[in-house]
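Below is one structure, written out as structure tokens; the observations come after it.
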Amino acid sequence: MPIEDEPATPPGPAPGPGAPTERSERADAVVTGAAYAVLTLLGAVAGAFGAAVQDWPVAPAVAPALAAVAVLFALLLAAGFGMRSWAGALLPGLAWAAVTLMLSQQRPEGDLLILGNLPGYVYMVGGVLAVCFAPLLILVLCPPGRPSGSWLTAGADRRGPAE
């Protein structure tokens, strides 16, 4: 009885050098999901930062509010182009909206961060316009690099039910 030193190879064709494996697809899904989470957190930070500087008294009336909206719009566009999807621009925008709405509510003590004055309205309305138009601009200018949702179904069997 001969002793074999080499391990048996699995049946079927061997994957080529550029063929994705199940492990690399799962790693890609994890990295993509983490990137969306970081972008969402960045949108929340942008909301808190913008709320703090929108009524800054060192510049003429609405200049800080307009600058905060411009930074938000640039963030949303960069996130959308970086992820090559409209969701990359929408998720930070929704986080911005949640933080901004939360900071515009009056606390029981009467404190308020975003006031009901011209800079506050410019910041909130301009930010909402940025959140609405940035994903649309990404959708028009940046075709997707892969099918939508592919990071969610990276390891799924696409053959359908067993026959």
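Nothing in this text is a laboratory measurement; each read-out follows from the coordinates by a stated rule. Fair warning: this is a prediction, and the values are worked out from it, not measured in the lab. With ideal geometry, Cβ positions are generated from the backbone for all residues, glycine too; neighbour counts draw on all protein chains shown.
Ordered by the number of other Cβ atoms lying within 10 Å of each residue's own Cβ, fewest first, TRP56, TRP86, TRP96 fall into the sequence TRP56, TRP86, TRP96.
Summarising the label geometry, the points placed 7 Å from Cα in the beta-carbon direction at VAL71 and LEU129 lie 2.0 nm from one another.
The order of the peptides 89-95, 60-66, 75-81 by mean Cβ neighbours within 10 Å, most packed first, is 89-95, 75-81, 60-66. Between LEU137 and MET102, the distance separating the two model label sites (each 7 Å from Cα on the Cα→Cβ line) works out to 2.7 nm. Taken along the Cα-to-beta-carbon direction at a fixed 7 Å, the label points for ARG26 and PHE81 span 3.5 nm. Label point of PHE49 set 7 angstrom out along Cα-Cβ; within the range 85-103, amide nitrogens under 18 Å from it belong to 89-101, 103. The ranking of ASP55, ASP111, ASP28 from fewest to most other beta carbons within 10 Å of each one's beta carbon is ASP111, ASP28, ASP55.
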